[in-house]
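Structure first, then comments.
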Amino acid sequence: MAASSQLFERVERARRRKHKLRDDKITLAHGSGGKAMHELVEGLFLEYFRNPLLEQLEDQAVFEVGNGSKPTRLAFTTDSYVVTPIFFPGGDIGKLAIHGTVNDIAMSGARPLYLSAGFILEEGLPIADLKRVLESMQSAAAEAGVTVVTGDTKVVEKGTADKIFINTSGIGVIEMPVKVSAANAQPGDKVILSGTLGDHGTTIMIARGELELETEIESDSAPLHSLVSDMLDEAARVSSVEAIHCLRDPTRGGVATTLNEIALSSEVYVEILENLIPVREEVHGACEILGLDPLYVANEGKLVAIVAPELAEPLVERMRRNPYGKHACIIGEVKTDPPGIVAMVTGFGGTRIVDMLAGEQLPRIC
Amino acid sequence: MKYIDEYRQGDIAARLAEQIAALTDRPLKLMEVCGGHTHSIFKYGIEDLLPPNIEMIHGPGCPVCVIPLGRVDDSMSIAQTPGVIFTTFGDAMRVPGSKTSLLGAKAAGADVRMVYSPLDALKLAKKNPDKNVVFFALGFETTAPSTAMTVLQAAKDRVPNFTVFCNHIMIVPALKALLDSPDLKLDGFIGPGHVSTVIGTRPYEFVPNEYKKPVVVAGFEPLDVLQSVYMLVKQIVEGRAEIENQYARVVPRDGNRRALEAIFEVFEPRDYFEWRGLGSIAHSGMKLSSKYAAFDAELKFSVPGLRIADPKACQCGEILKGVKKPWECKVFGTACTPETPIGSCMVSSEGACAAYYNFGRLSKVAQRSASPS
């Protein structure tokens, strides 16, 4: 027992040590949202660009501009979209490029205002495809109440990009005294999920057509700013907007990665209950076949909120009245010990650690 | 999900756990041979439900874990040959060779692609007639039939640019080697489920007959595993040593005749095959038979074929035999982590070390906070 506790201290030390980039080449694992990506971001990018805003490693930077007693708080973010295939059930790369950036702004509690859009187009891309993408961006932007106010286009030789890559940046304004941060989770808080897990990632995996599976799963790509706005409103009504402690959209790396980031930043233990986590039947089935865990699969229209306990029930009620929060529910709670760890009580009655993935989620062979 | 959820019911598990605890308080060591079981045990937290006197030992049935360094290097050497598309199951991408992994080779320019089935590799070969498509065949009798069927298909369709780098292994010689190991102290075995759908339960009969150890062939859902533990403990308590089949809904006693025929048609046993950590085991590996030599990547490409010793600090061998627990290895969790694996047991989620690292820490952490020592 003494030996094993020493061991686990050793493991915890290893887990917490500073991210160092050891690789000498970029591999796909560096883009997968797991530990390899954290090593790249913290071990390399941060070393060169370090500043107090970037250091927080939130999905957006929040800063104040203007003088006087009432400066304006702004949220600023950027994201690139390289999904393949570019059209998939429930969406396309254009819709994703608007929603992803709108959501990253919204997760700061901000109202999204303006977007930029940069396009890298591969020689030979059918104009008809580009039109389809632009139409979809147009309607997604209209729904989200944002306007694309600046842009850029580059065309590269065939084979040096894959059809179309899009970068969008966005800016929004924070109009309430919101204080959300991955470092802000507190023991006693409840963990809220806005809907079913894994729809987007599973859709893409199947749409690639390598698996010859036919399902009716669709990407959940959706703008979440109205849901966040409802949540802030409800929080203000019940107690205060400050009762919402963390807001994140669990995209790459899924809910497991998001919760791990929160547990580590806030130095808390997060416990979720498998039985409470909503997963669509088809997604569950596809994941069983593919050997994947929905907890690690990407979402594009879901959010995780960590909130003060007294706010949890009314907040979930309110979220369910929003079309993008219909299946909102409480999936767990924040505790003190052991800090930095996420665990799940399985439907079977055991408990297991839900760690960040090392790299890509690779299917098991048997 | 129908036919799955039935095997994951927590209330039944709790009752079963009580029944297991009521059987005996004798300390027992049970080995689950198959990596799939190890994965289930950790994924569902099954150890939390077992009484403290029952200890699960995680055996060598993780194909990715037992592939030796030299063979991984050979795979990389083939993958780096100009004009080769090297296809592999996702699991094998991160397995470290002596210098890098397939993921690293891919980043350095090799055309390595993940497939879900060897048939996908064959399709790729037909689509790219100017390339040599190689399939990295890994696994026990579970995956061997699909490789065999693919080779038969390739022969039928006369696909000249498709070959197989064959690393298929057999469970029974490995079990025998384990049972003959002098430092092994086990009370019974949870037998592999998927392997047995192919080979049946007959090949394990030597375990109770010659070694007097009980075997229960088990399914992979958590209730399957728990029920198998119950059956195994019951045998031990009643002084029986028999083969029992918990997974009868899938495993017939004589296995799958067609799958076995395909294996016998396409493969022949190697005189010796090296297992990581366990050393060389006679007749434990398969290679393509001379009739299908045209599809043998080892004959088509020059592979270094070197035997490379495991890193000194790595104790995968002792861990695979169940002699040591993952945490008794000096590099576990420090130098050897899922991000930077030294030993293969840390790579696959079926590997005992990775399973322990990823899923197992909590109960230990809880114990630690409960008893400040």
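The values are calculated or read from the model by the stated rules, or taken from the named source; none is laboratory data. A quick note: this is a predicted structure, and the numbers were derived from the prediction, not measured. Note that each Cβ is placed from the backbone with ideal geometry, even for glycine, and that neighbours are counted across all protein chains shown.
Within the stretch B:309-341, being within 20 Å of residue B:34 (Cα to Cα), of a type in the set (A, V, I, L, M, F, W, C) and more than 14 Å from every other protein chain (Cβ to nearest Cβ) holds for B:316, B:320, B:323. Here B:95, B:112, B:64, B:72 are screened, and the one residue that is crowded, with 21+ Cβ neighbours inside 10 Å and under 26 Å from residue A:209 (Cβ atoms) is B:112. Looking at residue B:24, is it polar (S, T, N, Q) and closer than 25 Å to residue B:276 by Cβ? No, not satisfied.
For residue B:147, state whether it is at negative phi, of a type in the set (Val, Ile, Thr), modelled with pLDDT of 90 or more and crowded, with 24+ Cβ neighbours inside 10 Å. Against the criterion (at negative phi, of a type in the set (Val, Ile, Thr), modelled with pLDDT of 90 or more and crowded, with 24+ Cβ neighbours inside 10 Å), residue B:147 qualifies. Would you mind finding the one in B:36, B:45, B:83, B:70 that is touching a residue at least 60 places away in the same chain (Cβ under 8 Å), of a type outside the set (A, V, I, L, M) and not assigned by TED's automatic domain parsing to the domain that holds residue B:235? When all the criteria are applied, what remains is B:70.
Is it true that residue B:298 is among the acidic types (Asp, Glu) and either within 14 Å of chain A (Cβ to nearest Cβ) or touching a Gly at 6+ places or on another chain (Cβ under 9 Å) (or both)?
On the way: among the acidic types (Asp, Glu): yes; either within 14 Å of chain A (Cβ to nearest Cβ) or touching a Gly at 6+ places or on another chain (Cβ under 9 Å) (or both): yes.
Yes, satisfied.
Reported count of residues in the stretch B:153-200, each being under 17 Å from the mean Cα position of the chain (by Cα) and of a type in the set (Phe, Trp, Tyr), is 1.
Which residue, of B:64, B:115, is touching a strand residue (DSSP E or B) at 6+ places or on another chain (Cβ under 9 Å), within 11 Å of another protein chain (Cβ to nearest Cβ) and without any contact (Cβ under 8 Å) to a residue 40 or more places away in the chain? Talk me through it step by step, then tell me what you get.
On the way: B:64 fails: without any contact (Cβ under 8 Å) to a residue 40 or more places away in the chain.
Among B:64, B:115, only B:115 is touching a strand residue (DSSP E or B) at 6+ places or on another chain (Cβ under 9 Å), within 11 Å of another protein chain (Cβ to nearest Cβ) and without any contact (Cβ under 8 Å) to a residue 40 or more places away in the chain.
Does residue B:263 fit the bill of being in a helix (DSSP H, G or I), within 21 Å of residue B:148 (Cα to Cα) and at pLDDT 95 or above? Judged against the criteria, residue B:263 is a match. Residues of the stretch A:21-42 that are at pLDDT 85 or above and within 21 Å of the chain's Cα centre (by Cα): A:30, A:37, A:38, A:39, A:40, A:41, A:42.
Inside the stretch B:201-224, residues that are closer than 18 Å to residue B:253 by Cβ, in a loop (DSSP other than H, G, I, E, B) and more than 18 Å from the chain's Cα centre (by Cα) make up a count of 2.
Within the bounds of the stretch A:166-175, is there any residue that is surrounded by fewer than 21 Cβ atoms within 10 Å (Cβ to Cβ), modelled with pLDDT under 95 and in a loop (DSSP other than H, G, I, E, B)? Yes; the residues of the stretch A:166-175 include at least one that is surrounded by fewer than 21 Cβ atoms within 10 Å (Cβ to Cβ), modelled with pLDDT under 95 and in a loop (DSSP other than H, G, I, E, B).
Taking the stretch A:149-169 as the range and being in contact (Cβ under 8 Å) with a residue 40 or more places away in the chain and under 20 Å from residue A:87 (Cβ atoms) as the test, the residues that pass are A:161, A:162, A:163, A:164, A:165, A:166, A:167, A:168. The numbered conditions (1) touching a Cys at 6+ places or on another chain (Cβ under 9 Å); (2) over 22 Å from residue A:34 (Cα atoms) are all true for residue A:262 except (2).
Whenever a residue of the stretch A:254-275 is outside the structural domain of residue A:330 (by TED's automatic domain parsing) and aromatic (Phe, Trp, Tyr), it has no partner that is assigned to a helix (DSSP H, G or I) and surrounded by fewer than 22 Cβ atoms within 10 Å (Cβ to Cβ) lying with C-beta atoms less than 9 angstrom away and at least six residues away or across chains. Only residues that are more than 20 Å from residue A:115 (Cα to Cα) and touching a helix residue (DSSP H, G or I) at 6+ places or on another chain (Cβ under 7 Å) were counted in the stretch A:58-81, giving 0.
Scanning the stretch B:303-320 for residues that are part of a loop (DSSP other than H, G, I, E, B) and more than 22 Å from residue B:268 (Cβ to Cβ) turns up B:304, B:306, B:308, B:309, B:310, B:311, B:312, B:313, B:314, B:315.
Scanning the stretch A:288-308 for residues that are of a type outside the set (Gly, Ala, Ser) and either surrounded by fewer than 23 Cβ atoms within 10 Å (Cβ to Cβ) or in a strand (DSSP E or B) (or both) returns A:288, A:289, A:290, A:292, A:293, A:304, A:306, A:307. Mind checking whether some residue in the stretch A:306-316 is modelled with pLDDT of 95 or more, over 17 Å from the mean Cα position of the chain (by Cα) and of a type in the set (Asp, Glu)? Checked the stretch A:306-316: at least one residue is modelled with pLDDT of 95 or more, over 17 Å from the mean Cα position of the chain (by Cα) and of a type in the set (Asp, Glu). Evaluate the following for residue B:229: is it surrounded by 20 or more Cβ atoms within 10 Å (Cβ to Cβ), within 14 Å of chain A (Cβ to nearest Cβ) and either at pLDDT below 95 or not in a loop (DSSP other than H, G, I, E, B) (or both)? For residue B:229, the condition - surrounded by 20 or more Cβ atoms within 10 Å (Cβ to Cβ), within 14 Å of chain A (Cβ to nearest Cβ) and either at pLDDT below 95 or not in a loop (DSSP other than H, G, I, E, B) (or both) - is met. For the stretch B:131-143, the count of residues that are polar (S, T, N, Q), surrounded by 24 or more Cβ atoms within 10 Å (Cβ to Cβ) and modelled with pLDDT of 90 or more is nonzero.
Take residue B:222 and tell me if it is at pLDDT below 95, farther than 21 Å from residue B:272 by Cβ, buried (at least 21 other Cβ atoms within 10 Å of the Cβ) and out of contact with any strand residue (DSSP E or B) (no Cβ under 7 Å at 6 or more places or on another chain). Explain how you work it out, then say what you get.
Working: at pLDDT below 95: yes; farther than 21 Å from residue B:272 by Cβ: yes; buried (at least 21 other Cβ atoms within 10 Å of the Cβ): yes; out of contact with any strand residue (DSSP E or B) (no Cβ under 7 Å at 6 or more places or on another chain): yes.
So residue B:222 passes the test.
Filtering the stretch B:21-37 down to residues that are assigned to a helix (DSSP H, G or I) and touching a helix residue (DSSP H, G or I) at 6+ places or on another chain (Cβ under 8 Å), which residue is modelled with the highest pLDDT? Write out each step before concluding.
If we filter the stretch B:21-37 for residues that are assigned to a helix (DSSP H, G or I), which is where we start, we get B:21-23, B:35-37.
Those still in the list that are touching a helix residue (DSSP H, G or I) at 6+ places or on another chain (Cβ under 8 Å) too: B:23, B:35-37.
Values: B:23: 95, B:35: 85, B:36: 87, B:37: 92.
Looking at residues that are assigned to a helix (DSSP H, G or I) and touching a helix residue (DSSP H, G or I) at 6+ places or on another chain (Cβ under 8 Å), I get B:23.
Looking across the stretch A:314-354, the residues that are in a strand (DSSP E or B), of a type outside the set (D, E, K, R) and away from every other protein chain (no Cβ under 11 Å) come down to A:329, A:330, A:331, A:332, A:334.
Identify the residue in the stretch B:150-184 that is of a type in the set (D, E, K, R) and within 22 Å of residue B:205 (Cβ to Cβ) and, among all such residues, is surrounded by the fewest Cβ atoms within 10 Å (Cβ to Cβ). Let's see the steps before the verdict.
Within the stretch B:150-184, the subset of a type in the set (D, E, K, R) is B:156-158, B:176, B:180, B:183.
Still in the list and also within 22 Å of residue B:205 (Cβ to Cβ): B:176, B:180.
Values: B:176: 18, B:180: 9.
Going through the qualifying residues, I end up with B:180.
Criterion applied to A:311, A:357 was being crowded, with 21+ Cβ neighbours inside 10 Å and at the interface with chain B (Cβ under 9 Å from one of its Cβ atoms), and the one residue passing it is A:357. Identification of helices (runs of 4 or more DSSP H) wholly contained in the stretch A:35-106 with 1 or more residues that are within 23 Å of residue A:162 (Cβ to Cβ) yields A:35-40, A:93-106.
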